[in-house]
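Let me begin by presenting the structure, written as structure tokens, before commenting on it.
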Amino acid sequence: MNLAETLKHFNITSIWHFTDESNLASIKKHGLLSLALLEKNTIDVSCYGANEDSHIRDRAKGLDKYVHLSIIKDHPMQYIKKRDREIPNPIWLEIDVSVLFENKSGCCKEIANAGGAKCYHIDKLAEVIDLKILLNKPHWSNPIRKAQLIVANQIDYSKIKGVTRG
């Protein structure tokens, strides 16, 4: 199946990004930016969803040029940041899947910057990630929950369909 067929088959109409509510004004102004664009444009981020070690791994693998997303409104990284109170006011941004067709995009069956992790072109989504399992909300310990999508550079704010507290 190509990407359009995969999304239709699994009824995926939205993808997700978690952040802190304090970042929302900047996202409304600039869109959802990759780490590289945030740094290049010296945009202040009051609360990152990743820590500096993760940013170092992103830069080393070239993943700092991508916005990291989740297929479901749930991700172990968000859970940990929320649990550890590193994101005081967590929110989920609901994003239209059309961004996957507009920008260079990829998918990874685990956290993209993990050691040994491989990202694939977005057309391989159904081959790389078992969407049937992921979309049926597997147990929190199932590693498939770590699956990520990556979208190059920027997601325009107009592509954000909604914001929910998380």
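The values are calculated or read from the model by the stated rules, or taken from the named source; none is laboratory data. Note that the coordinates shown come from a computational prediction; the quantities given were computed from them, not determined experimentally. Neighbour counts run over all protein chains shown; Cβ positions are idealised from the backbone, glycine included.
Condition first: in a loop (DSSP other than H, G, I, E, B) and either modelled with pLDDT of 95 or more or touching a Pro at 6+ places or on another chain (Cβ under 9 Å) (or both). Can you find one or more residues in region 85-103 that meet it? Yes, region 85-103 has at least one match.
The residues of region 129-142 that are in contact with a Lys or Arg (Cβ under 7 Å, 6 or more places away or on another chain) and either surrounded by fewer than 19 Cβ atoms within 10 Å (Cβ to Cβ) or on the phi > 0 side of the Ramachandran plot (or both) amount to a single one, PRO138. Of the numbered criteria (1) surrounded by 15 or more Cβ atoms within 10 Å (Cβ to Cβ); (2) assigned to a loop (DSSP other than H, G, I, E, B), the one GLN78 fails is (2).
Annotation note: Cβ proximity below 9 Å between a residue of region 85-104 that is touching a residue at least 40 places away in the same chain (Cβ under 8 Å) and a residue that is outside any strand (DSSP E or B) and β-branched (Val, Ile, Thr) (sequence gap 6+ or interchain) occurs for LEU93/ILE27; ASP96/THR13; VAL97/ILE12; VAL97/THR13; LEU100/ILE122; PHE101/ILE122; LYS104/ILE122. Of the residues making up region 107-121, just one is among the aliphatic types (A, V, I, L, M) and either farther than 15 Å from HIS55 by Cβ or part of a strand (DSSP E or B) (or both), namely ALA117. Do you know which residues across region 15-38 are surrounded by fewer than 17 Cβ atoms within 10 Å (Cβ to Cβ) and either closer than 21 Å to VAL128 by Cβ or touching a Phe, Trp or Tyr at 6+ places or on another chain (Cβ under 7 Å) (or both)? Once the filter is applied, which keeps residues that are surrounded by fewer than 17 Cβ atoms within 10 Å (Cβ to Cβ) and either closer than 21 Å to VAL128 by Cβ or touching a Phe, Trp or Tyr at 6+ places or on another chain (Cβ under 7 Å) (or both), region 15-38 yields only LYS28.
Just to be sure, is LEU125 closer than 17 Å to GLU5 by Cβ and buried (at least 19 other Cβ atoms within 10 Å of the Cβ)? Judged against the criteria, LEU125 is a match.
Would you point out which residue out of TYR66, TYR48 is of a type outside the set (D, E, K, R), free of Cβ contacts under 8 Å to residues at least 12 places away in the same chain and buried (at least 16 other Cβ atoms within 10 Å of the Cβ)? The match here is TYR48.
Summed over region 143-158, residues that are surrounded by fewer than 14 Cβ atoms within 10 Å (Cβ to Cβ) and modelled with pLDDT under 95 total 1.
Residue-by-condition table, conditions (1) of a type in the set (Asp, Glu); (2) at pLDDT below 95; (3) more than 14 Å from the chain's Cα centre (by Cα):
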| site | (1), (2), (3) |
| --- | --- |
| PHE10 | no, no, yes |
| TRP16 | no, no, no |
| THR19 | no, yes, no |
| SER22 | no, yes, yes |
| LYS28 | no, no, yes |
| LEU35 | no, no, no |
| SER46 | no, yes, yes |
| ASN51 | no, yes, yes |
